[in-house]
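Novice: Sharing a structure below in structure tokens format, with a few things to ask.
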Amino acid sequence: MIEGIFVDGLIFSIMVMGVLISYRILDFPDLTADGSFATGAAVATISIVNGYGLLAAALLATLSGAVAGLITAMIHNKLKVPGLLAGILTMTMLYSINIRILGGRANVPLLKIDTLYTKMPEVFSFLPGPWALLTGTLLIVFFVKILMDLFFRTDLGISIGALGSNEQMIISMGINPRLLKIIGISISNGLIALSGGLLAQYQGFADANLGVGMIVQGLAAIMIGEFLFSTNKIFFITLRVIFGAIIYKALMFLGRYYGYYIHLTPSDLKLLTGILVILSLIIAQTRAAASSADARKKAIRRNNERRKGLNEEKNNA
Amino acid sequence: MLNIEQISKVFYPGTVNEKVAIEYIDLRVLEGDFITVVGSNGSGKSTLFNLIGGTFPVTSGKITLNDKDVTHTPEYKRAFTIGRIFQDPTVGTAAKMSIEDNMITAYKKGMKGLKISLNNTKRAYFKEELKQLKIGLEDRLKDNVGLLSGGQRQALTLLMTVLSKPQMLLLDEHTAALDPRNAQIVMDLTTEFIEKYHLTTLMVTHNMQHAITYGNRLIMMDEGKIILDVRGEEKKQLTVLKLVDLFKKIKHQEYSSDEDLLAP
Ligand SMILES: Nc1ncnc2c1ncn2[C@@H]1O[C@H](COP(=O)(O)OP(=O)(O)O)[C@@H](O)[C@H]1O
Ligand SMILES: [Mg+2]
């Protein structure tokens, strides 16, 4: 059971890395995820059902998400609509498209067919079943994490980070900010869709409504991660995301299984997630205010000391 | 180097808020020129820079850079030739990134690829470059830029701008937000870099003394027009008093002609 939470959290962490790119690194509030997560699940499932192979399924799922992100970024760039609205548009259209991909159905099972999660116990046959799944997922997540870390240390990755922090600087450095946004949002949704594709294989079916509420859940996981430690190094930022994703899933698990003691039902979890995000925002703001007040105090103290020093020099002279 | 012909800028044309910010300006900037730009608030200095830099399009007129018509060239493309520094020290650098990440982005202009250029050779080079700022940034490569003071950030912006090798600098009151000591540090670095890299420069300043001391040419703007253009020997003879006098004389002429117009 505990392994299940970890597997669930690890698969989810890939989606959170996607949200990290849009919300934290690019500072682009992208809602495409609520659609592209299910797109990834649908594409992976249909690819597997049609016998394209597991690697192709994962690649196609990632690609489908990247295309969804591309569309959001293009709507934002070309029509000059706010990112939020561009994401909502794509997400809404994706609901219809996802059902199309699933062949007109809202739900397609992966029964009696090889998936990554039926393969893992074979590959790691020396491990008990649940641990084989955990090991396999862990390997996939670390692979993605390392690629992320490497990418955000390339010149391109660094410039995407700089764009999120200051668009004018990117323009001043002769870079087209729209192109960077397209790349960033595409990668973000590629990861989100890959995560959807993995979840479909883990749970054994794809569902057109799989992505509902993903964004807020992703934000919650990011914020939980940010409470763990503060850092500006991409290695630790992605590590923090993985921890945050697992902790979030564990909290939701606790809510689902022990919540009835306090009359919680599974349908309350979305409300709890929202409250979690709001609480995180409040705490983060209080912290920031406290640290800037602290910095102010320190500056005043430094200044006083300097003045005292000057006075003493004067007195000595 | 830069040639501006009859450019104008009207904000919100055809509405009650219509505002003519630039009124048919001509300006020819030669290679190696260092032009100081003065004028009261709202006279159109920043708008002129924004038109040259390409932040927004001109309403009419033509802008030529190195004999190439750039009137419709997007800002990011003009940035290859033009380096800009603004009054607000937060505009030139990315606060959420480290000094070294900022510098690697500035190191070469243009779209970046999947190369990892930031290695120890680069770091050593950045350190050397930061040393010439003489404000201790060379030991803080991995610190986020958001932790720096306004003066430090502006000095870093200046360094990043020249490292990216523009031919021309547009400085829009780039020391105005700093305390006097830091303003002087940044101003000294500015002239040092301008000489070292032979940069053609336009500098807006509110400091009349600076406007007179620095550069080989001075222009004064008022209500969207260039009302005074002094260069060479004449500029060397300028004093703050003479400049104020000139301004009053021109303004007075304008007012009296306005009065003539209004007279029945
Ligand atoms: N983006 C803008 N939109 C509308 N009006 C503007 C804009 N930028 C400048 N203006 C107006 O144009 C005039 C000139 O402003 P500006 O160029 O900033 O003056 P300066 O830099 O000389 O103080 C002002 O009246 C200002 O209100
Ligand atoms: Mg101005």
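Just so it is clear, none of the values below were taken in a lab; they were calculated from the coordinates. Not measured: the values here are computed from a predicted model. Cβ: placed from backbone, ideal geometry, glycine included. Neighbour counts: every protein chain shown.
Novice: Classify segment B:24-82 from the C-alpha gyration tensor, please: rounded if a/c falls under 1.5, else prolate or oblate depending on whether a/b exceeds b/c.
Specialist: Values: a/c = 1.62, a/b = 1.23, b/c = 1.32.
It is oblate, given that a/c is not under 1.5 and a/b is not larger than b/c.
Novice: Can you list residues from other chains, or at least 5 along the same chain, whose modelled amide H is less than 5 Å from the amide H of B:I22?
Specialist: Distant-sequence amide H within range of B:I22: B:K9.
Novice: Sticking with this structure for a sec: Nearest 5 percent is fine: what portion of the DSSP beta bridges confined to the protein assembly as shown is antiparallel?
Specialist: Working: 24 of 42 bridges.
If I count the DSSP bridges inside the protein assembly as shown, around 55 percent turn out antiparallel.
Novice: Moving to a separate point now. Based only on Cα atoms, what Rg/Rh ratio does segment B:66-192 have, Rh being taken as Kirkwood's radius? Please list the in-between numbers first.
Specialist: Details: Rg = 14.7 Å, Rh = 15.2 Å.
That ratio equals 0.97.
Novice: Here's something else I'd like to know. Shape of segment A:90-239 from its Cα gyration tensor (a ≥ b ≥ c, root eigenvalues): rounded if a/c is under 1.5, otherwise prolate when a/b > b/c, or oblate? Display every interim value, and only then the final one.
Specialist: Working: a/c = 2.32, a/b = 1.44, b/c = 1.62.
Here segment A:90-239 falls in the oblate category.
Novice: Inside 10 Å of the C-beta atoms of A:184-192, what's the mean count of C-beta atoms belonging to other chains?
Specialist: Numbers: counts 0, 0, 0, 0, 0, 0, 0, 0, 0.
For this peptide, the per-residue mean of nearby foreign Cβ atoms is 0.
Novice: Please report the antiparallel percentage of the DSSP beta bridges confined to chain B, to the nearest 5. Walk me through the numbers before you get to the answer.
Specialist: Details: 21 of 39 bridges.
Around 55 percent of the beta bridges assigned by DSSP in chain B are antiparallel ones.
Novice: Along the charge dipole of the protein assembly as shown, pointing to its positive end and built from +1/-1 on Cβ of Lys, Arg, Asp and Glu, which listed residue (A:L156, B:V10, A:N232) has its Cα farthest out?
Specialist: The residue sitting farthest along the positive end of the dipole is A:N232.
Novice: Considering the alpha-carbon set of chain B alone, what are its Rg and its Dmax in angstrom?
Specialist: 20.0, 77
Novice: Tell me, A:M1, A:M74 in order of fewest to most beta-carbon neighbours within 10 Å?
Specialist: Listing A:M1, A:M74 from fewest to most nearby Cβ atoms yields A:M1, A:M74.
Novice: Another question about this same structure. Charges only on Cβ, +1 for Lys and Arg, -1 for Asp and Glu: so what's the dipole of segment A:2-264 about the Cα centre, in debye to the nearest 20?
Specialist: Details: 15 positive and 12 negative charges, 56 e Å.
Dipole magnitude for segment A:2-264 comes out near 260 debye.
Novice: In debye to the nearest 20, how big a dipole does the protein assembly as shown give about its Cα centre with +1 on each Lys and Arg Cβ and -1 on each Asp and Glu Cβ? Walk me through the numbers on the way to the answer.
Specialist: Details: 60 positive and 50 negative charges, 225 e Å.
Its charge dipole is roughly 1080 debye.
Novice: Also: What does the convex hull of the Cα atoms of segment A:35-116 come to per residue, in Å³, rounded to a whole number? Walk me through the numbers before you get to the answer.
Specialist: Numbers: hull volume 6.5 nm³, N = 82.
Convex hull volume per residue, Cα atoms: 79 Å³.
Novice: Let me ask you something else. Give me Rg over Rh for segment A:229-268, both radii from the alpha carbons and Rh done the Kirkwood way, two decimal places. If you can, show how the numbers build up before the last one.
Specialist: Values: Rg = 14.4 Å, Rh = 11.7 Å.
Reported Rg/Rh, Kirkwood definition of Rh: 1.23.
Novice: Among A:G40, A:G244, A:G204, which one shows the highest mean-square fluctuation when chain A is modelled as a Gaussian network with alpha-carbon springs under 10 Å?
Specialist: The residue with the greatest mean-square fluctuation here is A:G204.
Novice: Once the protein assembly as shown is represented by equal point scatterers at the alpha-carbon sites, with solvent omitted, what log10 I(q)/I(0) does the Debye formula produce at q = 0.08, 0.09, 0.11 Å⁻¹?
Specialist: -0.69, -0.83, -1.07
Novice: Report, to the nearest 10°, how far helix B:150-163 tilts away from the longest principal axis of the Cα atoms in chain B, using its own Cα long axis and a range of 0 to 90°.
Specialist: Computed tilt is about 80 degrees.
Novice: Give me the inter-chain shielding for A:76-83: mean count of other chain Cβ atoms within 10 Å, whole number please.
Specialist: Details: counts 0, 0, 0, 0, 0, 0, 0, 0.
That average works out to 0.
Novice: Then there is this: Using θ = phi - 60° and the Karplus relation 6.51 cos²θ - 1.76 cosθ + 1.60, list the HN-Hα couplings for segment B:230-245 in order, rounded to whole Hz, with x at every Gly or Pro.
Specialist: My calculation for segment B:230-245 gives 10, 9, x, 4, 4, 5, 4, 7, 5, 10, 4, 4, 4, 5, 4, 4 Hz in order.
Novice: By counting other Cβ atoms within 10 Å of each Cβ, how are B:H206, B:H72, B:H174, A:H76 ranked from fewest to most?
Specialist: Numbers: B:H206 15, B:H72 10, B:H174 28, A:H76 24.
The order, fewest Cβ neighbours first, is B:H72, B:H206, A:H76, B:H174.
Novice: Would you tell me the mean number of C-beta atoms belonging to other protein chains that fall within 10 Å of each C-beta in B:153-165, as a whole number?
Specialist: Values: counts 0, 0, 0, 0, 2, 0, 0, 3, 2, 0, 0, 3, 0.
Rounded to a whole number, the mean comes out at 1.
Novice: Would you work out the charge dipole size for segment B:123-264 about its Cα centre, treating the Cβ of every Lys and Arg as +1 and the Cβ of every Asp and Glu as -1, and quote it to the nearest 20 debye? Don't skip to the answer; put the middle values down first.
Specialist: Values: 19 positive and 21 negative charges, 136 e Å.
Here segment B:123-264 has a charge dipole of around 660 debye.
Novice: Suppose each label sits 7 Å from its Cα in the direction of the beta carbon; what would the A:T286-A:I113 distance come out to in nanometres?
Specialist: Calculated label separation equals 5.0 nm.
Novice: Which one, B:A106, A:I282, B:H252, projects farthest toward the positive side of the charge dipole computed for the protein assembly as shown from Cβ point charges (K/R +1, D/E -1)?
Specialist: Going by the Cα projections, it comes out as A:I282.
Novice: Using the Cα centre of the protein assembly as shown as origin and beta-carbon charges of +1 (Lys, Arg) and -1 (Asp, Glu), tell me which of B:Q237, A:G244, A:F6 is placed farthest towards the positive end of the dipole.
Specialist: Selected residue: A:F6.
Novice: List the residues whose amide H sits under 5 Å from the amide H of B:G215, counting only those 5 or more places along or on another chain, with H placed 1.01 Å from N in the peptide plane.
Specialist: Correct list: empty.
Novice: For segment B:16-24, take each phi angle, set θ = phi - 60°, evaluate the Karplus expression 6.51 cos²θ - 1.76 cosθ + 1.60, and give the result in whole Hz per residue in order, putting x for glycine and proline.
Specialist: These are the phi-based 3J(HN,Hα) values: 5, 8, 3, 9, 7, 8, 10, 10, 6 Hz.
Novice: Right, something else. Compute the Cα gyration tensor for segment A:35-177, then decide on rounded, prolate or oblate, letting a ≥ b ≥ c be the square roots of its eigenvalues: rounded whenever a/c is under 1.5, prolate when a/b is larger than b/c in the other cases, and oblate in all that remain.
Specialist: Because a/c hits 1.5 or more and a/b fails to exceed b/c, segment A:35-177 counts as oblate.
Novice: Mind listing the phi-derived Karplus ³J(HN,Hα) values for segment B:211-220, rounded to whole Hz, using 6.51, -1.76 and 1.60 with θ = phi - 60°, and x for any glycine or proline?
Specialist: 4, 7, 5, 8, x, 10, 7, 10, 10, 10
Novice: Rounding to the nearest 10 and keeping the result within 0 to 90°, find how far the Cα-based axis of helix A:269-316 lies from the longest principal axis of chain A.
Specialist: 20 degrees
Novice: Choose one answer from B:I116, B:I52, B:I25: the residue with the largest mean-square fluctuation in a GNM of chain B with alpha-carbon springs under 10 Å.
Specialist: Looking only at B:I116, B:I52, B:I25, the biggest GNM fluctuation is shown by B:I116.
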